[in-house]
Structures are given as C-alpha cells and as structure tokens.
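What follows is one structure encoded as structure tokens, with my remarks underneath.
The values are calculated or read from the model by the stated rules, or taken from the named source; none is laboratory data. Just so we're clear, the structure is a prediction, and the values are computed from it rather than from any experiment. Here the Cβ positions follow ideal geometry from the backbone for every residue, glycine too, while neighbour counts run over all protein chains shown. Surface areas here come from the heavy atoms of the whole protein model, side chains and all, with no ligands, DNA or RNA. Shrake-Rupley method; radii C 1.70, N 1.55, O 1.52, S 1.80 Å.
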Amino acid sequence: MPKLYVASELDIKKGKVTDVYFERAAEVIRKSKLYDASVAMEAHAYSLPAGYEWAALGGIEEIAHILEGKPVDVYAMEEGTIFRMMEPIIRLEGNYASFGQMESAVLGILRHSTSIVTKAARCRLAAGDKTLLFFGIRCAHPAIAPMVDRSAFIGGCDAVSSVLGAEMINEKPVGTMPHSLIVLFGDQVRAWRAFDEAMPAEVPRIALCDTWYDERVEVMMAANALGKRLYGVRLDTPSSRRGNMRKIALEVRWALDMAGYKNVKLFVSGGIDESDIMNLKDIVDGFGVGTCIAFPPSVDIALDIVELGDKPVSKKGKLPGKKQVYRCNGLHDIVTSHDRIVDRCPLCGGSVEPLLKPLMIQGRLVRDIPSAKESRKIVLEQLERISTIKEFRSEPYFLY
Ligand code: PCP
C-alpha cells in the first residue's frame, strides 16, 4: 500500500524523530548512570544567511506542544520576535536525559518555521502597504502545508491561499482562479463570466489575464466583460514571455486607467521574490508569492549546552552561561548574563525589557500562546520600527 512519509504527532512527542546519535547518547547516559546531568541549553543562530541582519522567530507554539509533559523548563522569546545573530532565542533547562533526544525535532521546528517567517517578513518589508498573498503550498509537502502557511502569515503575508492552512489560523483563504479553469472553458471571457455567475458576492472577481493573448488585451477583455464587478486582474506571465514585467505592468495599469478602470486592482504572481516586489510595488496593488517564501534561505539555529549543574560551560565557538536579552524601544539588543538586571539601554539610555520569558515550567505552560494573528502583529510592529532605523546593528551589544 502506498503511504505518506510523514511522522505522526506521537512519533515526534516520543522523540522518534531524532538523530541516532541522540539515541546512542541516551543509552550511554543510562548505562553510565549519569542520571543527574542537569543542563541549560540555548538555541541561537551564530550567523544568518547572506544579506540578513535579523531573523524573525517561528515555531514556539509547536515546540511548547512537543515538550508538554516533559520535566523541562522553557524560557523563550515570543513567536514573531525579531532577533539578531548570537542571541539566545529559547532556553531549555532540566535533566539532559529527559529531553536531549528532542533536539532534532526542536531544531527542525525552529529552523523551518523561523526561515519562512523571516523570508515572509522580508517580503512584507519590501512590499510596504501593498497586498502580499501567500500562494506557496504547492511548493511544500501537504502534510506540513499548514505549518508553512502559518509561518508565512505570521511573517506578514496578508492571507494564505490554502483552505486548511487558513482554517488552522482562523483566517479566510484568499485566491483568484487557476489557468485550468480558463483552459477548460476554452475561452477566457466565458470562464470569467462563469466565475462571476457561480461565485458568491463576497468572492472578489479577480480575472487571471495571461492565458493566451497579450496581457493588455486580456485585461481589457476582462474589464469589458465584467465591467464594474471586476475587482482586479492577475498577471502570472510565464518567464518565457517576461521581457520586462515592470513595463508590462505599467502598460496594463495605463490602459486600465485610460479606459476608466482606475479602481481595478493589479496583482502579479509567479516567481516573485523580494527584488521583484521592490521593482513593481509602485505600480501594482498586490503580489502572490509562493516559492521564495516556502523555500527560503535556511536560518541556521543550533542548540548548545551552556550550563552543566550550576557551572557555565560551552563548546568552543559558543558563549558559555545562561543569558538574557534586553531590548529597548530603539530595537537595540543587549545580551547579558541571565541573572544580571539591566534597566537602561547602554547604547541610547532608553528603558529595556527582557525578551526571554518563562514559557513552560516542568512541562506545563505558564503563559498564553498568542494566536497567529497576534504573532503577526508582533512582526509588523517591529518591521515598522526597523524601517525607521538608519543603520541596523546586526549584532547585539554584549554586556558581560
Ligand atoms: C501562480 C504561479 C505559481 C504560484 C502562483 C506561486 O499560480 O504560477 O505556481 O508562484 P511562485 O511559487 O512562483 O511564487 P497560478 O497561475 O495560479 O498557477 P496555474 O498555472 O497552476 O493556474
């Protein structure tokens, strides 16, 4: 019987999704009777992908879920928090034997979600106030599509196209129409009209205008066919025909405006990345983005022991000791020892707040898990502040 190669929630919670060396380490610990190895482990990214000065945290809700019930204390930044390289983003404390085997799953969740949240946030920053829709589940295995959707939404996409993904974050899915519908009708005007007749009023009429003819020609055909009911047009011009997408978009916009269709929105999709968003955002109203968010550069997060018993330790290349990160309103971050209280930002004198806060004590949640919408708001507020900072420091300030 064919099957899906996916792990169940139970497999993950039981620590079966692990590297074999963690299983072997657990066996050695058992046989050596190293039962009381109490540790603190911190997750951090000691470098970020090229061109990144920050990343945005994802995966905290899922990590809380898989660690629930284990004798472990967890301190974490809020999901959606923008962080810099070398900052601890989450700390696990407890007996190594009780959670060490979860490292692969914890990092897998953190890295995958954070990489997507971060890329979506970069696209959001590039798009400014233009609409950013996530069309990316066709790039991901369906078993994890809702995670990909949720991360893209938290990062700042306005909506996701996926039915289940939207349902799981209490949002409405958003989309236009596929080329297959137009090809089935064999006539774009018949397809647009049929869509208009069949769909309830709340579904915006966004005509896909690139199937057979020149974009400008199809856009005017759609405007003439649907008139005032036409909400927008989408151009998904194949790469083989894209001499200059900016000029195509400009010409389409001009033609619509000239014909009295200033209100008709213009959306573009297909192979759109941050640079395309920057290049087109003054002309178009929105973007449908898939692959570049669903397959982002990987934010390399590691989990390291920083305290053994009550002694600071670490492997070389990492800073030993439990840490805290304080942030001021100017988005300066101060990394210091976890037990040092910092009241003021040493860089600007502003008041500061600790970012690592208790999430679980002995496997029990001690704070509310924000909704995807709330985490998204956290991202957007920080992006707003980032956009006003002239020179963003990519490293935190270290206060020993
Ligand atoms: C668009 C495009 C990609 C989707 C959106 C995301 O789909 O061709 O498949 O783009 P990206 O991953 O390149 O960013 P549609 O035009 O709806 O696809 P179809 O031709 O299947 O109708």
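Any chance segment 365-388 includes a residue that's farther than 26 Å from I116 by Cα and either hydroxyl-bearing (S, T, Y) or away from the ligand (no atom under 16 Å from the Cβ) (or both)?
Filtering segment 365-388 down to residues farther than 26 Å from I116 by Cα leaves 366.
After this cut, where a residue has to be either hydroxyl-bearing (S, T, Y) or away from the ligand (no atom under 16 Å from the Cβ) (or both) as well, the list is 366.
Yes, because at least one residue in segment 365-388 is farther than 26 Å from I116 by Cα and either hydroxyl-bearing (S, T, Y) or away from the ligand (no atom under 16 Å from the Cβ) (or both).
Taken across segment 187-201, residues that are of a type outside the set (S, T, Y), within 15 Å of the ligand (Cβ to nearest atom), closer than 19 Å to V268 by Cα and open to solvent by 30 Å² or more (accessible area, probe 1.4 Å) do not occur at all.
Checking each residue in segment 284-330 for being in contact with a Pro (Cβ under 6 Å, 6 or more places away or on another chain) and among the hydroxyl-bearing types (S, T, Y) picks out S314, Y326. Comparison of E53, E42 shows that the only residue that is at pLDDT 95 or above, of a type in the set (D, E, K, R) and assigned to a loop (DSSP other than H, G, I, E, B) is E53. Among the residues of segment 316-328, is any away from the ligand (no atom under 16 Å from the Cβ), within 26 Å of H112 (Cα to Cα), aromatic (F, W, Y) and crowded, with 19+ Cβ neighbours inside 10 Å? Yes: segment 316-328 contains one or more residues that are away from the ligand (no atom under 16 Å from the Cβ), within 26 Å of H112 (Cα to Cα), aromatic (F, W, Y) and crowded, with 19+ Cβ neighbours inside 10 Å.
Can you tell me which residues in segment 289-311 are charged (D, E, K, R) and either within 16 Å of the ligand (Cβ to nearest atom) or touching a residue at least 40 places away in the same chain (Cβ under 8 Å) (or both)? If the condition is that a residue be charged (D, E, K, R) and either within 16 Å of the ligand (Cβ to nearest atom) or touching a residue at least 40 places away in the same chain (Cβ under 8 Å) (or both), then D300, D304, E307 are the ones that fit.
Within segment 134-166, the set of residues being within 14 Å of the ligand (Cβ to nearest atom) and either among the basic types (K, R) or open to solvent by 20 Å² or more (accessible area, probe 1.4 Å) (or both) comprises F135, I137, R138, C139, A140, S161. Within segment 348-371, the residues that satisfy the criterion of being over 28 Å from M147 (Cα atoms) and out of contact with any Lys or Arg (no Cβ under 8 Å at 6 or more places or on another chain) are C348, G349.
You will find that of K281, K316, the residue that is among the charged types (D, E, K, R) and farther than 30 Å from M86 by Cα is K281 and no other. Checked against the criterion of being outside the structural domain of V379 (by TED's automatic domain parsing), closer than 25 Å to I386 by Cβ and under 14 Å from the mean Cα position of the chain (by Cα), the candidates G136, G128 yield just one match: G136.
Against the numbered list (1) in a loop (DSSP other than H, G, I, E, B); (2) away from the ligand (no atom under 16 Å from the Cβ); (3) touching a residue at least 24 places away in the same chain (Cβ under 8 Å); (4) open to solvent by less than 50 Å² (accessible area, probe 1.4 Å), A255 comes up short only at (1).
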